[in-house]
Amino acid sequence: MEAMCAAAAAASEAGSPWFFNPCLVLSEAPRWVEGVWITLHLTALALVFGFVLALPMACARAARAPVVDTLVRGYVYVFRGSPLLVQLFLIYYGLAQFGFVRDSLLWPVLRDAWWCCLIAFTLNSAAYQTEILRGALVATAKGDREACAALGMSPWLAARRVLIPGALRRALPQLGNETVFMLHGSAIASLVTIQDILGVGRLVNGRYYVVYEGLLTAAALYMALTWLVVWGVARLERRYLRHLAR
Amino acid sequence: MTGVSTAMARTPIAAAALVAAFALPAAAQDLRICVEGAYPPFSQVSDAGELEGFDIDIAKALCAEMGASCEMVQTEWDAIIPTLEEGKCDAILASMSITEERKQRIDFTGKYYQTAASFVAPEGFDAEITDAGLAGKTVCVQRGSIHQAFIEGEFPSASLVLYPTQDEVYLDLTSGRCDAAMQDSIAAQDGFLNTPAGEGFAFVGPAYSVPRYHGEGAGIGVRKSDTELRDRLSAAILAIRESGVYKEINDAYFPFDVYDG
């Protein structure tokens, strides 16, 4: 290990900026581990909270609930209508400019970059998931609804036992997609001081004046996590979409 | 490739125009200078979208002195050394302190100014400026700066938060997310404390100038192979010091000579 680092330092001294020095990456190993944890933690929480918000909104949209439908439509439009980065900056730097926000009870939460990221990511993901789930609900076969009615199920019971479970199955591939998008989208947390995977990559780059070491390592870690997500979604699909398997 | 050469053979005029179009930038601009543009008053983007500041004026004066035509390349701070090494610019003129660590990667001219570094905090900040006194306090710095290394080395108990630009450090100083910020004293004075945003903030503690962290002043960075350019720039710095051009620029920004700090 030490011999390898010495050789790497010598090659770098010889002046090749293209050289990839693994020692610079390994020297920050604990930070990388923490970065992976922060990325995973943020992404997972944003997706779960986003789902919790999205499900009732999707039901309201699919059922064309008066007023609520319009409100949800507006919400989805706003959060899908602008880049996630803009939303994060507005929450992190934008809100902090107002004295009344800094004096409010919310400030201990909004003061923290981690919470700002979680809020931005959750609200954004909720908008996308609402549309995914609405589409899946609307695509419910007419026969399913008729069967529920014929059995005398109340609308609530039908939704709980038939319509929502069916929609979730249909939505699975798209929810997997949203998971991957959120995972990669979470990289912008590094722009508001969070030491996530990309944040550690840029720290390494900044500390040793390099480019590839930090960015390639970050890319490799994101790819590994993406692979995990794809693998997990494929397993779920095998279980819940068995009737579609060939 | 064959397709291109046939086309060239068939239309020699178009081919010549094409060559001229690509050759033009290289001929018209023999020096590209990496600057940052987010570090007032040394380097910032004006309301009209133009680069301006002490660094920019010095760059223009040096180019005039050397008879070179220059192009400013605005570059992210934490990628500025790799950008130089990859040949996307030929010199870094971005208030970069000459430190041992950086000298392992690039060469520097002699200094073109030298200043100290200080903490800035809200008025009434009463923590003692020692490692123990700053324990648990949020200290904000620009990522990849000498100030990051200084805080990591001398105040390891402080909770260090890193920002892409110094402007964002000031933003979070005013929002109250940072208990204190560490940066160049003059940049803080003119870029923050003297502006409306800096009201209610002040320097705390001493002005630091520790060679191990803060280097030997700010110099112009060039690739290690470019010794000739380095020497031309070093000579040009001394020449504008001599001719009074430096003083003219200096006085437009500072009430004292920043060359000696």
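The values are calculated or read from the model by the stated rules, or taken from the named source; none is laboratory data. Quantities reported herein were computed from a predicted structural model and do not represent experimental measurements. Every residue, glycine among them, receives a Cβ derived from its backbone with ideal geometry; neighbour counts consider all protein chains shown. With ligands, DNA and RNA removed, areas are computed over all heavy atoms of the protein, side chains included. Shrake-Rupley method; radii C 1.70, N 1.55, O 1.52, S 1.80 Å.
Could you list all residues from the range B:98-122 that are open to solvent by less than 20 Å² (accessible area, probe 1.4 Å) and either assigned to a strand (DSSP E or B) or outside the structural domain of B:Phe54 (by TED's automatic domain parsing) (or both)? Selection gives B:Thr109, B:Tyr112, B:Tyr113, B:Ala117, B:Ser118, B:Phe119, B:Val120, B:Ala121.
Within the group A:Ala126, A:Ala159, which residue is at pLDDT below 95, more than 27 Å from B:Arg143 (Cβ to Cβ) and either open to solvent by 30 Å² or more (accessible area, probe 1.4 Å) or assigned to a helix (DSSP H, G or I) (or both)?
A:Ala159
Of everything in the range B:140-179 that's in a loop (DSSP other than H, G, I, E, B) and either of a type in the set (S, T, N, Q) or within 9 Å of chain A (Cβ to nearest Cβ) (or both), which residue is farthest from A:Ala189 (Cα to Cα)? Step through it out loud before you land on a result.
Of the residues in the range B:140-179, the ones in a loop (DSSP other than H, G, I, E, B) are B:143-145, B:155-158, B:164-165, B:176-179.
Going one step further and asking which of them are either of a type in the set (S, T, N, Q) or within 9 Å of chain A (Cβ to nearest Cβ) (or both), we end up with B:143-145, B:157, B:164-165, B:176-177.
Working: B:Arg143: 15, B:Gly144: 18, B:Ser145: 20, B:Ser157: 24, B:Pro164: 12, B:Thr165: 15, B:Gly176: 19, B:Arg177: 16 Å.
Across the range B:140-179, the extreme among qualifying residues is B:Ser157.
Test A:Leu221 against the criterion of being open to solvent by less than 80 Å² (accessible area, probe 1.4 Å), more than 30 Å from A:Val25 (Cα to Cα) and more than 14 Å from every other protein chain (Cβ to nearest Cβ), and give yes or no. Judged against the criteria, A:Leu221 is not a match.
Yes/no matrix, rows are residues, columns are (1) closer than 21 Å to A:Thr43 by Cα; (2) open to solvent by less than 50 Å² (accessible area, probe 1.4 Å); (3) within 14 Å of chain B (Cβ to nearest Cβ):
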position: A:Val67; (1), (2), (3): no, no, no
position: A:Gly81; (1), (2), (3): yes, no, no
position: A:Val86; (1), (2), (3): yes, no, no
position: A:Tyr92; (1), (2), (3): yes, yes, yes
position: A:Asp103; (1), (2), (3): no, no, yes
position: A:Trp115; (1), (2), (3): yes, no, yes
position: A:Thr122; (1), (2), (3): yes, yes, no
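A Cβ distance below 7 Å, combined with a sequence gap of six or more or placement on separate chains, defines the contacts here; from the range B:199-214, residues that are assigned by TED's automatic domain parsing to the domain that holds B:Gly124 reach residues that are of a type in the set (D, E, K, R) in the pairs B:Gly200/B:Glu123; B:Phe201/B:Glu123; B:Ala202/B:Glu123.
Every test in (1) more than 14 Å from chain B (Cβ to nearest Cβ); (2) within 19 Å of A:Val36 (Cα to Cα) is passed by A:Arg202 save one, and that test is (1).
Each row is one residue, and each column tells you yes or no for (1) open to solvent by less than 10 Å² (accessible area, probe 1.4 Å); (2) touching an Asp or Glu at 6+ places or on another chain (Cβ under 9 Å).
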position	(1), (2)
B:Gly133	no, no
B:Val139	yes, yes
B:Arg143	yes, yes
B:Val161	no, yes
B:Asp167	no, no
B:Ser185	no, no
B:Ala197	no, no
B:Phe201	no, yes
B:Gly221	yes, yes
